[in-house]
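The values are calculated or read from the model by the stated rules, or taken from the named source; none is laboratory data. Treat the numbers as computed from the prediction; the structure is a model and nothing was measured. When we count neighbours, we look across all protein chains shown, and the Cβ atoms used for this are built from the backbone with ideal geometry, even at glycine. Calculation scope for accessible area: heavy atoms of the full protein, side chains included, ligands and nucleic acids excluded. Shrake-Rupley method; radii C 1.70, N 1.55, O 1.52, S 1.80 Å.
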Amino acid sequence: MSDDTILETRKLTKEFKGFVAVSEVDLKVRRGTIHALIGPNGAGKTTCFNLLTKFLAPTRGQILFEGHDITAESPSHIARRGVIRSFQISSVFPHLTVLENVRVALQRSLRTSFHFWRPERSLDGLNERALALLQEVDLSPYAGVTAVELSYGRKRALEIATTLAMNPKLMLLDEPTQGMGLEDVDRTRALIKKVAADRTVLMVEHNMSVVSSIADTITVLQRGATLAEGPYEVVSRDPAVIEAYMGTAQTALAGAH
């Protein structure tokens, strides 16, 4: 495993009672890049994410992170190594303020989450770092706003802030622009590019305009197996990829140039 590879899978496979959801996937994510997993519905993208974070155990194959075999490790151990994931559905605390949401995430990273005897003011020392994270995701003006009042796009930005609070070495973003309008998509695209400047991002994303504009490397999955890999300009012209997408997705591939 070379120094510039932060995550690698070797013949990663997941079977469900005879159905092969992920089939011998060899994946290499380079440090400091944005790597996108794309593919038609049912291609195995989210299952692959679930394997990487150990929400699912692989049937066979290996997962290596920074040269360490983490295949048998628990989700909590993998998170402590710095592999932090966001989900398709926004998962913030709706009735806490934006600042309080980030403070909770910071408190988790300090491992004081269950110190119930400590007064709330003991968290005030986290405010400076929390505000810095909010500034990084352009949410500073909303620090005192209850999360439920945010637009969908800004809730996703808050989720990215809470992910950053865990000090990730590798951020896994699962469909970060799903369900967004054009304005929120553009904002989220810029945000991912911004936070990835000194981090590594692996993302599952359907929006080809987002993928084409920010991903350094793209892996295309089909029926759980790797169909193609490379920069967008190469992958989008691959006849096998075009055939796999067909129809509307083919148009999307061509239109994202």
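Look through the stretch 155-212, keep the residues that are among the polar types (S, T, N, Q), without any contact (Cβ under 8 Å) to a residue 60 or more places away in the chain and open to solvent by 40 Å² or more (accessible area, probe 1.4 Å), and return whichever of them is nearest to residue 43 (Cα to Cα). I'd like the intermediate steps shown before the answer.
Taking the stretch 155-212 and keeping what is among the polar types (S, T, N, Q), we get 162-163, 167, 177-178, 188, 200, 207, 209, 212.
Next cut, without any contact (Cβ under 8 Å) to a residue 60 or more places away in the chain only: 177, 188, 207, 209, 212.
Now drop any that are not open to solvent by 40 Å² or more (accessible area, probe 1.4 Å), which leaves 207, 209.
Numbers: 207: 15, 209: 19 Å.
Checking each candidate, the answer is 207.
Quick check on my filter: what residues within the stretch 127-152 are assigned to a loop (DSSP other than H, G, I, E, B), more than 20 Å from residue 190 (Cα to Cα) and of a type outside the set (A, V, I, L, M, F, W, C)?
Matches in the stretch 127-152: 144 only.
If I ask for residues that are at pLDDT below 90 and not in a loop (DSSP other than H, G, I, E, B), which ones from the stretch 81-96 would you list?
85
Quick check, is residue 80 open to solvent by 70 Å² or more (accessible area, probe 1.4 Å) and in contact (Cβ under 8 Å) with a residue 24 or more places away in the chain? Spell out how you get there, then give the answer.
Details: open to solvent by 70 Å² or more (accessible area, probe 1.4 Å): yes; in contact (Cβ under 8 Å) with a residue 24 or more places away in the chain: no.
Here the answer is no, as residue 80 does not meet what is asked.
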